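Quick notes on the structure that follows.
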Amino acid sequence: MKILLVEDHAIVREGFRRILSEDITGACIGEAASSAEALDRVRAEAWDVVILDISLPGRSGLETLKDIHALRSGLPVLIMTMYGEDQYALRAFRAGAAGYVTKGSSPEDLVAAVQKVASGGKYVTPTVAEKLAARLSDDGGRPLHESLSDRELQVLRMFGDGKTVKEIGVDLALSVKTVSTYRTRILEKMGMRTTAQLVRYAVGAGLVD
């Protein structure tokens, strides 16, 4: 099984590589540290599954997921993240993810998820299944941040973490002007006026770790 592991932290990649190599017979693990590198490898090689971190420098994981599907529509992508299932899982599945696991999952869960999506299935935890069912049965009363794009939600979370416009720009490889534009859009969509309001909302909505 050929697995492409997309994660910008080398030490994290090494840990997941060891798990996958030890528990999946014949696993061949490729690595990418950024969205651009991941897309280059998807173009150049055939893969059975991609394990994709949401938090990548520059282009986000969810944006990269859409790019991967544009290149290889049938390639299963397993989202791997430190964010809880209640924060990004629904967006990930809407974007075409085949599964969603958190970095706090057990090695057994990770291996099970990889094997499930590589065989053409979907890996959905009971928690995610419950949330998906609830959302299908009730489209009303959705939280304000659901109106945001994937990138806007990422920026909102970073404001909630106390980061400045400049710091967010550095982390996401964006200009200060671009981050300021995202901030303006977020404020407009959520009917707010100040960054302080965004911070309070992000904390209250559980968007901050």
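The values are calculated or read from the model by the stated rules, or taken from the named source; none is laboratory data. These figures come from a predicted structure and were not determined experimentally. Quick reminder, even Gly has a Cβ in these numbers, built from the backbone with ideal geometry, and neighbours come from all protein chains shown.
Overview of results
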{"read-out": "Filter result for ALA36 (in the same structural domain as GLY120 (by TED's automatic domain parsing), under 17 Å from the mean Cα position of the chain (by Cα) and surrounded by fewer than 17 Cβ atoms within 10 Å (Cβ to Cβ))", "value": "yes"}
{"read-out": "Helices (runs of 4 or more DSSP H) fully within segment 10-82 counting 1 or more residues that are in contact with a strand residue (DSSP E or B) (Cβ under 8 Å, 6 or more places away or on another chain) and closer than 18 Å to TYR123 by Cα", "value": "10-23, 61-71"}
{"read-out": "Matching residues, segment 178-209, being outside any loop (DSSP other than H, G, I, E, B) and of a type in the set (Ser, Thr, Tyr)", "value": "THR178, SER180, THR181, TYR182, THR184, THR195, TYR201"}
{"read-out": "Qualifying positions in segment 77-117 - small (Gly, Ala, Ser) and crowded, with 22+ Cβ neighbours inside 10 Å", "value": "ALA89, ALA92, ALA97, ALA98, GLY99, ALA113"}
{"read-out": "Positions within segment 110-157 being within 28 Å of ILE3 (Cα to Cα), part of a helix (DSSP H, G or I), at pLDDT below 90 and assigned by TED's automatic domain parsing to the domain that holds SER21, in sequence order", "value": "PRO126, THR127, VAL128, ALA129, LEU132"}
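Here is a yes/no grid of residues against (1) under 18 Å from LYS103 (Cα atoms); (2) of a type in the set (A, V, I, L, M, F, W, C); (3) modelled with pLDDT under 95:
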{"position": "LEU4", "(1), (2), (3)": "yes, yes, no"}
{"position": "VAL12", "(1), (2), (3)": "yes, yes, yes"}
{"position": "ILE19", "(1), (2), (3)": "yes, yes, yes"}
{"position": "ALA27", "(1), (2), (3)": "no, yes, yes"}
{"position": "ALA33", "(1), (2), (3)": "yes, yes, yes"}
{"position": "ARG43", "(1), (2), (3)": "no, no, no"}
